[in-house]
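Chemist: Below: one structure in structure tokens.
The values are calculated or read from the model by the stated rules, or taken from the named source; none is laboratory data. Since this is a predicted model, take the numbers as computed values, not measurements. Heads up, the Cβs are rebuilt from the backbone with ideal geometry, glycines too, and the neighbour counts pull from every protein chain shown.
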Amino acid sequence: MAALPSVSVLFPAYNEEPTIGRVLADAHALLSASEVDYEVIVCDDGSTDRTGAIIDEAAARYPRMRALHHARNRGIRETFEHLYHEARKEFVFLNSTDGQWDTAVLFDLLPVAREADIVIATRREKHYGVVRAIVSWGFNAIPRQLFGVPMRDAGAVKLVRREIIDRFELVSRSPFSEAERLIRAARAGYRIVERPTATRPREQGRSRGVSRRLVGEALRDVARVWKALRDEPPSRDARFGEAGANPPGVNNANRS
């Protein structure tokens, strides 16, 4: 059996003092006991609590862990992109630091990556209130309705081949960039699969992923992406055959 691919494990963090120390300790324990070639990169997005100090302490204590800091809060999208572009391994795995996803999920996704370019850890149950559930439904419907790319959980944690990060220049300026990257990858013929995954409710604090401002920015990004791709034919990689040979989409990996 082929070796598992190397992976950059990425953690964005903003005011996660109650959980981040344990999350990073658990990640180090799991990864260091494995045979996976990995690195861990954590980015403090201008936290106002002790998150930055805890990250620095963890990076000093654990080998193969690196800390990044933003002097001011830049927001979700910029933090994600900063982490992605600091990654050096074959795949990137961006996880949360609020305790919803165990880093152990990575070991379910890595074997699937032998035959896929993106593996999405779709949530079996989304622990959302009514408003966020409606917003989530809408933004997962958009890729299917406007771009012909079916997906259920674009905002879930995922394992992504790093060349996809490097290849596509995104026009999105909000967290819709995560969906845009999937849309562009599917149009180019990259293999995307979903693996249903159990998650927990957020342990502390409140989610910052949905607000009127972010929803408005994401809707503007939908228009930007539609305009950018409207006259742009799918650009398939030679390894996937001619454009149109395989319809873009997302496959479901229902393996236990």
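Chemist: Look through segment 46-97, keep the residues that are farther than 30 Å from residue 190 by Cα, small (Gly, Ala, Ser) and touching a strand residue (DSSP E or B) at 6+ places or on another chain (Cβ under 7 Å), and return whichever of them is surrounded by the most Cβ atoms within 10 Å (Cβ to Cβ).
Modeler: Result: 52.
Chemist: Pull out all pairs, ordered by first then second residue, where Cβ-Cβ is under 9 Å, the residues are six or more apart or on different chains, the first lies in segment 98-117 and is over 23 Å from residue 22 (Cα atoms), and the second is among the hydroxyl-bearing types (Ser, Thr, Tyr).
Modeler: Filtered contacts from segment 98-117: 116/190; 117/190.
Chemist: If we keep just the residues of segment 63-101 that are under 14 Å from the mean Cα position of the chain (by Cα) and in a strand (DSSP E or B), which is farthest from residue 28 (Cα to Cα)?
Modeler: 91
Chemist: Within segment 177-200, is there a residue that is at pLDDT below 55 and either surrounded by 12 or more Cβ atoms within 10 Å (Cβ to Cβ) or assigned to a loop (DSSP other than H, G, I, E, B) (or both)?
Modeler: No, because not a single residue in segment 177-200 is at pLDDT below 55 and either surrounded by 12 or more Cβ atoms within 10 Å (Cβ to Cβ) or assigned to a loop (DSSP other than H, G, I, E, B) (or both).
Chemist: Within segment 98-108, is there a residue that is closer than 19 Å to residue 172 by Cβ and either among the small types (Gly, Ala, Ser) or buried (at least 20 other Cβ atoms within 10 Å of the Cβ) (or both)?
Modeler: no
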